[in-house]
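To start, the structure under review is shown below, and the notes come after it.
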């Protein structure tokens with residue numbers, strides 16, 4: 001299996017596509033790219049050492065990879081601050097707070113435990129955009145990288161304080177009211193899938209005023225008890241526990257804590273798409289402005305934006321693409337429909353911790369005027385669409401073949417509004433379909449949305465048939 005390289009980082013299976021050799025090469029190339037970016041920013045010179053923050057999730061391979069990567073960076077003349085086990089948004093905030101020149105996060109996010117990755121951050125604590133990734137890969141394709149002389153080797157220091165700084169910053173947001181939350185006497189289930197959120201999520205909830213927590217998979221072993229992607233098909237055991245626990249709602253995060261899913265009191269999923277929708281509806285009541293999601297996100301966000309009298313824009317899938325568009329249009333809130341919420345007031349990065357605070361406060365405010373209503377009732381306040389999500393492995397993700405396939409599928413729907421910004425997006429009056437190559441796995445994703453599950457699944461099945469038809473006719477040629 002080959003490495004997956006995109007704005008979402010460098011991902012692979014440890015011991016197969018992600019090896020000590022290429023980890024060393026990529027870390028060396030990152031140090032060289034950092035030096036180049038420092039020169040471009042006018043921050044260079046013989047006496048200026050690059051400063052890089054690194055952090056990791058709880059995967060069993062994380063500690064070893066962090067040690068290897070940290071030492072390679074130091075031997076390349078960089079000073080390294082290792083903040084240990086930390087969420088992706090925490091590393092992003094630490095990189096900016098330290099005024100570092102870049103950051104590396106050792107996490108494969110929602111991928112299975114055998115995967116790991118290097119997520120690369122620039123000096124703003126944000127993911128490299130497509131142009132920066134291209135620059136980095138040009139450097140990585142070189143035959144050698146400069147190493148530091150014996151007396152210019154960088155240092156490695158450690159810090160464990162950024163979890164508290166992250167929480168303090170969230171609690172200090174002027175619209176977060178722990179007293180009001182505490183007055184609701186919530187009982188809340190938390191599922192951190194043994195990932196990096198195992199300590200910080202319960203601590204945040206306690207600081208928000210939630211005193212009664214039921215913890216599931218919150219010991220930090222890194223051995224995921226299920227597929228770690230927080231989608232319905234993987235959450236059966238968590239839903240069963242929710243129904244038995246008597247909790248008011250459940251909060252589920254992925255291993256690196258940049259995605260939030262919520263379960264209602266009756267065991268129904270609030271919907272990962274609707275984490276952002278609920279947070280945006282609440283926040284737009286405080287700070288109006290444009291909102292941004294990605295092309296695979298629900299139309300519900302556009303509906304909410306319309307109610308608040310603000311525009312909604314859609315970017316290519318990928319956090320770096322969404323944040324770039326947010327900056328371009330001056331968005332006040334945005335994110336991706338996979339449960340990733342971006343609040344620029346805090347930082348430009350998907351942040352499940354910020355999402356938890358926004359969501360719980362939004363529910364609390366609604367509940368205070370709705371006779372302590374249930375979360376399932378709160379969910380009914382929002383536009384209701386149903387999504388179907390499929391994926392197909394084609395053995396090869398050759399760009400030319402993918403382009404031909406997308407053109408072939410688009411030709412089947414001459415009346416649709418077509419976007420080729422990111423794969424193929426077909427917009428119809430009452431529904432849409434989005435086909436694209438994944439940034440994180442060797443697959444093509446098929447997302448559809450319609451007013452009913454039946455219609456969404458029917459449209460997804462149609463897309464699958466068109467892909468299979470095209471592949472059987474021409475893919476092997």
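Taking 7 Å steps out from each Cα toward its Cβ at residue 13 and residue 286 produces label points 4.4 nm apart.
Our estimate of slack between residue 144 and residue 468, defined as 0.36 nm per intervening residue step minus the Cα-Cα distance, is 112.3 nm.
Extension gain, residue 384-residue 212: 0.36 nm per intervening residue step, less the Cα-Cα distance, totals 58.8 nm. Inter-part distance, region 1-79 to region 377-392, computed on C-alpha centroids, equals 38 Å. Each peptide in 2-13, 93-104 was scored by the mean count of other Cβ atoms within 10 Å over its residues; highest first, the order is 93-104, 2-13. Taking the DSSP beta bridges with both ends in the chain, the antiparallel portion is around 60 percent. Neighbour counts of other Cβ atoms within 10 Å put 186, 447 in the fewest-to-most order 186, 447. I need the shape label for region 356-477. Rule: rounded when a/c is under 1.5, else prolate if a/b > b/c, else oblate, with a, b, c from the alpha carbon gyration tensor. Prolate, because a/c is 1.5 or more and a/b exceeds b/c. A Förster distance of 22 Å, applied to the separation of the beta-carbon atoms of residue 24 and residue 130, puts the FRET efficiency at 0.35.
With the simple spin-label model, which puts each label point 7 Å out from Cα in the Cβ direction, the residue 245 to residue 219 separation comes to 1.7 nm. Placing one equal scatterer on every Cα of region 165-379 and applying the Debye formula, the log10 ratio I(q)/I(0) at q = 0.16 Å⁻¹ is -1.04. The length gained on full extension between residue 392 and residue 427, counted as 0.36 nm times the residue separation minus their Cα-Cα distance, comes to 10.5 nm. Seen from every direction in turn and averaged, the convex hull around the alpha carbons of region 82-126 projects onto 3.0 nm². At an R0 of 35 angstrom, the distance between the Cβ atoms of residue 399 and residue 365 translates into a FRET efficiency of 0.15.
Each part reduced to its alpha carbon centroid, region 175-209 and region 407-477 end up 39 Å apart.
Read the figures in this text as sums done on the coordinates, not as results from a lab. Keep in mind the model is a prediction, meaning the values are calculated, not measured. Neighbour counts are summed over all protein chains in view; Cβ atoms, including those assigned to glycine, are modelled from backbone coordinates with ideal geometry.
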